[in-house]
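Quick notes on the structure that follows.
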Amino acid sequence: MTASMDKTVKLWDLDCHQCIVTFKDHTSWVYGCKFSPDDTLVASASRDDTVRLWDVESHRCIATLNGHTDPVRGCAFSADGAVLASASDDETVRLWNMRGFMNVATLQGHTNAVFGCDISRDEILASTSWDKTVRLWDMNTQQCINVLNGHAGRCQRCCFTADGTLLASTSDDKTVRLWDMRTRHSIATLQDSNCSTYQCSFSSDGSWIAAACIDARVARVWDVKTLRCIVTLNHRCKIWTCSLSSNGTIATAGGVSTRNPDSCVVHLWK
């Protein structure tokens with residue numbers, strides 16, 4: 001699944017490398033998209049200040065979530081799919097109930113745009129902001145329980161391991177930080193000497209982490225145990241996102257082509 005500046009979200013068949021569905025009701029760029037845990041819904045976050053929900057089977061938009069007052073940069077479902085979180089330039093994270101598609105909470109505390117969010121299986125929400133912090137929120141009380149300091153530049157994105165024991169955050173300071181969720185302390189800093197890191201993704205077992213390094217036009221994969229970079233994936237254009245497949249054998253990275261800024265290039269590696 002890919003999100004694009006062409007205002008669409010596309011679903012792809014990875015066996016034949018063909019687009020099978022295009023969702024296209026947004027009125028501006030789409031910054032991010034996520035499947036629900038049961039794969040029946042797709043949520044998309046857009047520069048048009050909205051989050052849209054799409055039914056995968058019918059290919060229809062079933063809800064438009066309004067409330068943010070600035071572009072929405074990212075979104076994440078809770079492990080049970082009951083709640084969707086959305087991160088916005090308006091400095092907030094909003095929580096949405098997936099039964100009635102209602103805004104049930106607005107998390108405030110960041111002092112600059114919020115670019116990313118993720119939710120652990122233990123119902124801890126992490127948010128990354130241009131205020132250079134990562135905040136942790138209790139989904140039940142909707143209160144901020146920790147502010148993680150350490151990045152020297154604007155924080156971009158974050159992701160939890162499947163078991164929720166580690167959190168990764170990316171930043172303009174050219175690093176990926178790993179945080180232990182038991183101690184809430186940074187336990188490792190993965191350095192990219194060339195450029196800012198943007199999107200990040202753990203393998204399903206948490207043994208690898210991949211990060212998109214925008215201006216270097218590469219995605220790097222590190223071994224979480226040894227903290228060594230084990231592979232560098234080269235692109236012909238800027239890379240904004242990357243992900244590892246469920247078995248960790250395929251990494252994808254998408255970017256804006258230098259020849260045609262309106263076209264998105266997605267590479268698959270095995």
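The numbers here are math on the coordinates, done by the rules we state, and not lab data. Predicted model only: the values in this text are computed from it and were never measured. Heads up, the Cβs are rebuilt from the backbone with ideal geometry, glycines too, and the neighbour counts pull from every protein chain shown.
Could you grab the relative contact order for the chain? Cα pairs under 8 Å, six or more apart, rounded to a whole percent.
Values: 796 pairs, mean separation 21.2, N = 270.
Relative contact order, the chain: 8 percent.
Calculate the FRET efficiency for Ala188 and Asp122 from the Cβ-Cβ distance with a Förster distance of 35 Å, rounded to the nearest 0.05.
Efficiency computed from Cβ-Cβ geometry: 0.95.
Taking the Cβ of each residue in Ser201, Ser44, Ser28 as the centre, tally the other Cβ atoms inside 10 Å and list the residues starting with the fewest.
With the fewest neighbours first, Ser201, Ser44, Ser28 line up as Ser28, Ser201, Ser44.
Just want the ordering: Asp90, Asp39, from fewest to most Cβ atoms lying within 10 Å of their own Cβ.
Going from sparsest to densest Cβ surroundings: Asp39, Asp90.
Would region 26-179 count as rounded, prolate or oblate if I go by the C-alpha gyration tensor, calling it rounded below 1.5 in a/c and otherwise prolate when a/b exceeds b/c, oblate otherwise?
prolate
First select every other residue whose beta carbon is under 10 angstrom from the beta carbon of Ser88; then total the charges, Lys and Arg +1, Asp and Glu -1. Numbers along the way, then the final one.
Working: positive: Arg73, Arg94; negative: Asp49, Asp70, Asp89, Asp90, Glu91.
Neighbour charge sum, excluding Ser88 itself: -3.
GNM, the chain, Cα, under 10 Å: largest mean-square fluctuation among Arg52, Arg182, Arg154?
Evaluated over the chain, the most mobile residue of the options is Arg182.
Can you sort Ser196, Ser129 by how many other beta carbons sit within 10 Å, fewest first?
Numbers: Ser196 19, Ser129 24.
The order, fewest Cβ neighbours first, is Ser196, Ser129.
What shape does the chain take by its C-alpha gyration tensor, where a ≥ b ≥ c are the square roots of the eigenvalues and a/c under 1.5 counts as rounded, a/b above b/c as prolate, and the rest as oblate?
Rounded.
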